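> Below is the structure I would like to discuss, written out as structure tokens.
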Amino acid sequence: MESALGWADLTVVTGGLGPTEDDVTRDAAARALGIALDIDESIVDRLRERFARRGMVMPDINRRQAMVPRGASVLANPNGTAPGLWLETGSNALALLPGPPREMKPMLEALIAERLAPKAQGRGLFRRVLKITGRAESDVDAQAAPVYGRWTSGTVPISTTILAVLGQIELHLTAQASDQLAADAALDAAVQELHTALGPSVYSVDGRSLEAVVGDLLRAQRMTIAVAESCTGGLLASRLTDVPGSSDYVDRGVVCYSNQAKIDLAGVPETLIREHGAGS
């Protein structure tokens, strides 16, 4: 924290705001800034009310969550017991947020909207992600690099990062722009250029997962899908049914793990398994 506060405009720390002895983020922040920790009784009262609504008595250990570095602003946490904290020192700011994603994500969005966005006055970094499957990272970059290499010096500069993720390649485009409209126009054109260069191996430009894209195609064609799996143990069916509304097109699935199950349920010839092995 001391290092980050020496050079970063904003430092965000997630986690370590719970009630147990290993939740040391508040203590570390106070020590880094050289300030005391005080108990905020209004936070204690809210914690007691939260426990009471669930028919429980607040354990005394939860008072730790009401410890506030002197001078900090308390950030409301509607989804949990640990409030966030905002501290400023000179031109630097420190935000302490809880770790669980369902608590941290909405608090971070509120922090950005309420405290950071007004200072940016519309300026910022705007991102698009292209998802590609069925191709190697080096192959994708060989075709994409001549396209994205032209964008760094435009009116709206765009930087590109290529990432290899399990089962897919991602191209992250980041535009620096004075407003959302200018960024959208530049990113729309950039996405179209890359889509043209890479062809149908680009399966998503709007954040959809592969299983969601497959589902939309099945629904559009009025088709259904059934899966028989062995070593994946039901993972394919799980991914397909993770998509809301997948009952429109997912018919059924079976895990044929044993050799006999492959013969009985999936119609794999016994002679094929005997000659070539189940993993063939």
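The values are calculated or read from the model by the stated rules, or taken from the named source; none is laboratory data. Treat the numbers as computed from the prediction; the structure is a model and nothing was measured. For neighbour counting, all protein chains shown are included, and Cβ atoms are generated from backbone atoms with ideal geometry for every residue, glycine included.
> Take the residues of the range 112-144 that are in contact (Cβ under 8 Å) with a residue 60 or more places away in the chain and out of contact with any helix residue (DSSP H, G or I) (no Cβ under 9 Å at 6 or more places or on another chain): which is nearest to ALA186 (Cα to Cα)?
VAL129
> On to the next question. Have a look at THR160, THR89 and point out the one that is in contact with a Phe, Trp or Tyr (Cβ under 7 Å, 6 or more places away or on another chain) and either of a type in the set (Gly, Ala, Ser) or surrounded by 12 or more Cβ atoms within 10 Å (Cβ to Cβ) (or both).
One residue alone meets the criteria, THR160.
> Here is a further query. For GLY279, state whether it is in contact (Cβ under 8 Å) with a residue 40 or more places away in the chain and farther than 30 Å from LEU171 by Cα.
Here the answer is yes, as GLY279 does meet what is asked.
> Would you pick out the residues in the range 2-36 that are surrounded by 14 or more Cβ atoms within 10 Å (Cβ to Cβ), modelled with pLDDT under 90 and more than 22 Å from PRO101 (Cβ to Cβ)?
If the condition is that a residue be surrounded by 14 or more Cβ atoms within 10 Å (Cβ to Cβ), modelled with pLDDT under 90 and more than 22 Å from PRO101 (Cβ to Cβ), then LEU5 is the only one that fits.
> Right, here's the next one. For the range 37-70, which residues satisfy the criterion of being surrounded by 14 or more Cβ atoms within 10 Å (Cβ to Cβ) and not aliphatic (A, V, I, L, M)?
Correct list: ASP38, ASP40, ARG46, ARG48, ARG50, PHE51, ASN62, ARG63, ARG64, GLN65, PRO69.
> I'd like the full set of residues that are surrounded by fewer than 15 Cβ atoms within 10 Å (Cβ to Cβ), in contact with a strand residue (DSSP E or B) (Cβ under 9 Å, 6 or more places away or on another chain) and either over 20 Å from ALA177 (Cα atoms) or of a type in the set (Lys, Arg) (or both), limited to the range 115-126.
Hit for the range 115-126 is ARG123, nothing else.
> Across the range 128-160, what is the number of residues that are in contact with a strand residue (DSSP E or B) (Cβ under 8 Å, 6 or more places away or on another chain), over 18 Å from TYR203 (Cβ atoms) and either assigned to a helix (DSSP H, G or I) or at pLDDT 95 or above (or both)?
So the count comes out to 1.
> Identify all residues within the range 69-84 that are over 29 Å from the mean Cα position of the chain (by Cα) and not charged (D, E, K, R); write none if there are none.
PRO69, GLY71
> Quickly run through the range 48-99 and pick out the residues that are at pLDDT 90 or above and of a type in the set (Ser, Thr, Tyr).
SER73
> Considering only the range 89-110, how many residues are under 21 Å from the mean Cα position of the chain (by Cα) and in contact (Cβ under 8 Å) with a residue 40 or more places away in the chain?
Going through the range 89-110 one residue at a time, the tally reaches 7.
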